[in-house]
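Accompanying notes for the structure given below.
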């Protein structure tokens, strides 16, 4: 059984009425069932028995929180989400004597329902020849697990999909394509902007709903030289994240 190091981005903020309602401006420190989402995530990772060192990337409020002690280190955030990930990879590189691990897990800290089994099933299903693995969940799977929850789906020829927020990556491959990752992060809120990154023909195919998951994988390999693989049949718990007040309320009502 392979043990992996993990990086947990925890710098995301909320504001306004949402922050007042949640009692914090830091998403990772939102309380649910008597524990913060960060604490729940760290405990879940440890229960898997599959995680070695855990690097949390977050501001001072996270570093000083007692729940963060379960991590090996809390690093201050950089100026973007991808930069935070690369900061974590650099820390692990140094901690590993100047060597990159074969694979590292990345897990966001706004997943209130994530379970040990959801994580281990995804890790076990990730193809060994992939540079990056991402979990996919169908609309039917998500709605069956979380009826009434609101989430966005990407409509492709082979189904309606949402992506989970746990990733399995090969560090050297990520470093090699860092500019492309930065561009994808900037476009992440727009399905059309994401399609545009893959070329004009992809825009037409996306609008005509002619794209498939396999075709997107092929295009990413050709453009970026990175073997990305979508892992289907993953647990819906990997895809429910807290982005909006209604997500928080839904999670709070169902968290023990």
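Every read-out reported here was derived from the displayed coordinates using simple, explicitly stated rules and does not represent laboratory data. Bear in mind that the values here come from a model prediction, so they are computed numbers and not experimental data. Using ideal geometry, Cβ is built from the backbone for each residue, glycine included, and neighbour counts are taken over all protein chains shown.
At 10 °C and a viscosity of 1.306 mPa s, what translational diffusion coefficient does Stokes-Einstein give for the stretch 4-105, taking Rh as the Kirkwood radius over Cα pairs? Give it in µm²/s as a whole number.
Working: Rh = 14.1 Å.
Diffusion coefficient, whole number: 113 µm²/s.
Mind ranking 237-248, 105-116 by how tightly packed they are, going by the mean number of other C-beta atoms within 10 angstrom, highest first? Don't skip to the answer; put the middle values down first.
Numbers: 237-248: 20.5, 105-116: 22.4.
Final packing ranking: 105-116, 237-248.
Going by how many other beta carbons lie within 10 Å of each one, how would you line up 168, 32, fewest first? Please report the intermediate quantities before stating the final value.
Values: 168 23, 32 20.
Placing the least packed residue first, the sequence is 32, 168.
Pairs of Cα atoms under 8 Å, at least six residues apart: use those to get the relative contact order of the chain, whole percent.
Values: 428 pairs, mean separation 58.4, N = 256.
With pairs under 8 Å counted, the relative contact order is 23 percent.
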Fewest-first ordering of 15, 80 by Cβ atoms within 10 Å yields 15, 80
D (µm²/s, integer) via Stokes-Einstein for the stretch 85-183, Kirkwood Rh across alpha-carbon pairs, 25 °C, 0.890 mPa s: value 159 µm²/s
Here Rg/Rh (Cα, Kirkwood) for the chain equals 0.94
In whole angstrom, the spacing between the Cα centers of the stretch 122-165 and the stretch 220-245 equals 6 Å
With the label point 7 Å along the Cα-to-beta-carbon line of residue 149 and a cut-off under 17 Å to each amide N, the hits in the stretch 110-134 are 110-122
Per the helix-only model, the chain has a calculated mean residue ellipticity at 222 nm (DSSP H runs of ≥4, -39500 (n - 2.57) each, divided over all residues, rounded to the nearest 500) of -11500 deg cm²/dmol
